[in-house]
Structure formats: C-alpha cells, structure tokens
Amino acid sequence: MSVWTDTDWRYGFTCVYCKRHLLKDQWHWHLKASEHLVPVKAIEKRFGPEVAKNERDNPNPLNLVTSCYVCNTLKGDGCDPSESGAVAKDEMEKERFIAKASEYIRREMARREPDYRDDLKKFNRPRGGGCILSDYVDAALREATYDKLEDGTYAGRIPSCPGVVAFGASLRTCEQELRSTLEDWILLGLRLGHPLPVVGGIDLNKEPTREPVDTV
Ligand SMILES: [Zn+2]
C-alpha cells in the first residue's frame, strides 16, 4: 500500500478538516483530494527545491492527511500551519497543525461568503420570467433520484452534480435538503472556477473575460 492509501485508512476516509465522510457514496468518493498538511510550496520556500522535491517524491506520513476537494482548494498554498515549512515531528504536533489548518479553512470560507452572494445576484438576474440560477436549480432537481433507505428515511442525489447528496426523514425534507446542498455546491463551484454541468440546457459556466488589447 502506498503512504497515501495508508493515510486514508488511518483517517477512515474522512476529511480531517470538515469531517466529511468520503466513502459515504460514489459522489463523495469523487471529492477526495488528500494532501500535504504543510504545503510543498512552503517547504520549498524555507528549505529549497531539493527538500521540496524529496517531500513530493517520498512524502513524510506525518505530513499527509485525507481531505476533500473543498477544503483542499480553500486551504491551497496559503496556509502553512507550521509557519516554518517544517513538517510535524510527531502525531501530537500533526494534530495541532490539523486544528490550525481547519481554523484557516473556516476563516477562508467565511471570507468568501460575500463573494458567493455576489455570484448569487449575478446569476439571479431575470431571464424570460424566471431567474437563471433558480431555473438551473429546478432543472437539476428534476434529474434527482431518491432512494428509500432501510430505516425508512430518504436519500437523494443528482447524478450530474457529483457530491450533491442529501438525506431526510421524509421525501419532502430530503428534497429541501437536496435543494440547499445543490445551491451551496453551485455557488462554491462558481467561486472556485470549477466547470458546472449543463443542466436543462442552462450553462452557468462563465466565459473567460478577455482584457481589451491596448492600442499604443
Ligand atoms: Zn473537507
């Protein structure tokens, strides 16, 4: 087994930052993005390219964690929980680094929140009597599939939107939950620049903006 697989078993395939269980179903599995706790960039900055290359090729297990793509993207290279580029020297220090990085991710999420609202406004502009975003959400929800679970509760998912999964005591609460999960997923995707599936003929992916060429 690779050190990466060992790490995933060690953390029970659960994101160490947000505790999302990545084996819950195949959609959550697609969210898995395990990573270096102290970013390789930070290691390089402090100790040079040789040490960084070594960490990339032979990662130190004390610097590997299981994470999800949301936390992985929000953390990026902007968080060095060691503040020195040095990887944790024992499990206790590693736990402290994880707590610090989780705090950073929560702050990043809160900081980006106003941007999500701007996106929401932008995509909520009227379009032939409806709103693009709500038309998109409605179209995606029409594609949702629901399962009745053994304990009588419901699970729903939208196959074209990986990671959009919800649970509810009744079909109705499951659908409501799925709607709010889907809205968060769309806004996060827009903010992070992830391509969103075209649903019901609606394409929310932004055209890249081109700067006008300066005429000298
Ligand atoms: Zn996570």
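The values are calculated or read from the model by the stated rules, or taken from the named source; none is laboratory data. Bear in mind that the values here come from a model prediction, so they are computed numbers and not experimental data. Please note: Cβ atoms are built from the backbone with ideal geometry, for glycine as well, and neighbour counts cover all protein chains shown.
Would region 91-107 turn up any residue that is modelled with pLDDT of 90 or more and in a loop (DSSP other than H, G, I, E, B)?
No; the residues of region 91-107 include none that is modelled with pLDDT of 90 or more and in a loop (DSSP other than H, G, I, E, B).
Can you find, within region 46-81, the residue that is modelled with the lowest pLDDT among those that are within 16 Å of the ligand (Cβ to nearest atom) and closer than 22 Å to residue 92 by Cβ?
Only one residue tops the list, namely 71.
Quick check on my filter: what residues within region 29-45 are more than 13 Å from residue 71 (Cβ to Cβ) and either surrounded by fewer than 16 Cβ atoms within 10 Å (Cβ to Cβ) or within 14 Å of the ligand (Cβ to nearest atom) (or both)?
Across region 29-45, the qualifying residues are 29, 30, 41, 45.
Is it true that some residue in region 187-205 is at pLDDT 80 or above and assigned to a strand (DSSP E or B)?
The answer is yes, given that some residue of region 187-205 is at pLDDT 80 or above and assigned to a strand (DSSP E or B).
What helices (runs of 4 or more DSSP H) lie completely within region 1-86 and have 2 or more residues being closer than 26 Å to residue 194 by Cα? Spell out the reasoning first.
On the way: elements: 3-10, 26-29, 40-47, 49-57, 69-75.
The helices (runs of 4 or more DSSP H) meeting that bar are 3-10, 26-29, 40-47, 69-75.
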